[in-house]
Ligand code: CTP
C-alpha cells in the first residue's frame, strides 16, 4: 500500500501521456496522495482538468504562477515528495535534466527534490537508441536516478522497436520498489505458487482450488525488497509479476524437478504451492470413454518436495505452508517438525476470508524455536510482507 505517501507525477509531452492517467488511478487507489506537474507540451495531449479531477489536487503547470509561488511552490512540492515519477519521460526532458537545465516547473522540481526520481521513458526507437539519449540516461543512472525501461512494440509513429512506454502496472511496481527498503538485496529466494495438475487423460485432471495469489504476492514483495526471485508456478490465471521470470509447471513431478534444479543457488525457499499429494498411476494417452457405472482410478503418492528439501544435508532457510480445515495449530506444528522446517505459515482454508482464491488471509506463523506470531486478517500482500520480515530477519543472523 502507498497510504501516506506523497508522490509527484510529472507528465511530459508525448503521445503516451494518456497512460499517465491510468498510472494516476493505480497510485490513488493504493492510497497515495498524488500531485501532478505537467509540462506545456503535455497539456497539448491531455487536459490538466483530467489529472486534477482524478488526483483531487491542483495540477501544477506554471513555474511563475503568482499564487502557487507565494510559498515557492516548486520547492515546497519537491520537499514534501516521497517519490517523483516522470511519465512519459521524453528525450527532451531527460536531456535537460541530465544537462542540469531547469527551465520549467517539472525540471525545476526534479532538480530541487531529495526524493527518489523514477523515469518511464517513451519515444521513437531511433531517438531511444541515439547515443546522445543513451549517454544522458546512463549519466542519470550513475547519479542514482531510477528507470522503468520502455518495451518493444509498434510505436505511435509507425516504427517497430524499443521506445514504447512500459505498462502502467510495471511503472506502479517500479514506484513500489523505489519506496521499499532493500533488506533482501543479494538474496535469492525460490517461491512456489499455485496448484498442481495431475492428468488422468488428455482432457481430465485432479487438482485443487489454489489460485496462486499468495505465492505471487510473496514473489512481488520479495522482488520489491531487492531479492532475486525464482518463481516456480503451477497453472494459474494470474499475470506474470513484473520483473520476475516465472518457471511454469503443471504436475507435482515437474514442480519437483524445477525446484531441485535450482535449490543450490537459494538462500530461502518458500513453498506456498498447494501440491497434489497423489497422481493417477496411469495416465491414459487417449480420452477415457464412458462405459461402466463406476470407475476406480488408482492413485500413487507424489514426491513431497518440502520434506525432501528439509531432509537434505544443506538446505536453505525453509518456509512451508499448512492448508488446514481443522486442528490448525496441531497439524501445522506436526508439519513443521516432520518436514524439518524453519517456519510454517498455517492457514485455515475453510474460512471465507482466508486461503484459496481470495485476496485476504489470516495466518499463524510458527517457528522452529517454538515461538509463534498470529497475523490476523490481512491482505495477501500484507501477509507476504509479514512473512518476508521474518525471513529477512532470520537470514540476517545466519
Ligand atoms: N508440499 C510439497 N510437496 C507435496 C505436498 C506438500 O512440497 N507433495 C508442501 C506444500 O507446498 C506446503 C507443505 O508441504 O508448503 C504442506 O502442504 P499441505 O498440503 O498443507 O500438507 P501435506 O504435507 O500435503 O499433508 P496433508 O495433505 O495430509 O495435510
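Could you check how many residues of the stretch 113-129 are closer than 16 Å to residue 75 by Cα and buried (at least 18 other Cβ atoms within 10 Å of the Cβ)?
Residues that pass the stated criteria total 3.
A quick yes/no check of all residues on (1) within 22 Å of the chain's Cα centre (by Cα); (2) assigned by TED's automatic domain parsing to the domain that holds residue 244; (3) outside any helix (DSSP H, G or I):
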position: 137; (1), (2), (3): no, no, no
position: 144; (1), (2), (3): yes, no, yes
position: 152; (1), (2), (3): yes, no, yes
position: 156; (1), (2), (3): no, no, yes
position: 170; (1), (2), (3): yes, no, no
position: 174; (1), (2), (3): yes, no, no
* On the given criteria, is residue 276 within 16 Å of the ligand (Cβ to nearest atom) and either free of Cβ contacts under 8 Å to residues at least 24 places away in the same chain or outside any loop (DSSP other than H, G, I, E, B) (or both)? -> no
Those helices (runs of 4 or more DSSP H) completely within the stretch 1-68 that have 3 or more residues that are in contact (Cβ under 8 Å) with a residue 12 or more places away in the chain and over 20 Å from the mean Cα position of the chain (by Cα) are 42-45, 48-55
Within the stretch 246-259, residues in contact with a helix residue (DSSP H, G or I) (Cβ under 9 Å, 6 or more places away or on another chain) and part of a loop (DSSP other than H, G, I, E, B) come out as 249
Among residues of the stretch 246-259 being within 16 Å of the ligand (Cβ to nearest atom) and under 23 Å from residue 185 (Cα atoms), the residue surrounded by the fewest Cβ atoms within 10 Å (Cβ to Cβ) is 247
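For every residue, the table says whether it meets (1) within 13 Å of the ligand (Cβ to nearest atom); (2) out of contact with any helix residue (DSSP H, G or I) (no Cβ under 6 Å at 6 or more places or on another chain); (3) farther than 29 Å from residue 397 by Cβ.
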{"residue": "230", "(1), (2), (3)": "no, no, no"}
{"residue": "237", "(1), (2), (3)": "no, yes, yes"}
{"residue": "244", "(1), (2), (3)": "no, no, no"}
{"residue": "271", "(1), (2), (3)": "yes, no, no"}
{"residue": "286", "(1), (2), (3)": "no, yes, yes"}
{"residue": "290", "(1), (2), (3)": "no, yes, yes"}
{"residue": "295", "(1), (2), (3)": "no, yes, yes"}
Within the stretch 90-114, residues touching a residue at least 40 places away in the same chain (Cβ under 8 Å) and under 17 Å from residue 131 (Cα atoms) come out as 90, 91, 92, 93, 94, 95, 97, 98
Restricted to the stretch 347-362 and to residues being more than 23 Å from the chain's Cα centre (by Cα) and crowded, with 17+ Cβ neighbours inside 10 Å, the residue farthest from residue 236 (Cα to Cα) is 348
Checking 186, 163 in turn, the sole residue that is away from the ligand (no atom under 15 Å from the Cβ), surrounded by fewer than 19 Cβ atoms within 10 Å (Cβ to Cβ) and at positive phi turns out to be 186
Over the stretch 327-342, the set of residues in a loop (DSSP other than H, G, I, E, B), within 19 Å of residue 311 (Cα to Cα) and either more than 10 Å from the ligand (Cβ to nearest atom) or not assigned by TED's automatic domain parsing to the domain that holds residue 309 (or both) is 340, 342
Of those in the stretch 308-326 that are under 23 Å from residue 260 (Cβ atoms) and over 28 Å from the mean Cα position of the chain (by Cα), the residue nearest to the ligand (Cβ to nearest atom) is 308
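The values are calculated or read from the model by the stated rules, or taken from the named source; none is laboratory data. For clarity, every value in this text was computed on a predicted model and none was experimentally measured. Cβ: placed from backbone, ideal geometry, glycine included. Neighbour counts: every protein chain shown.
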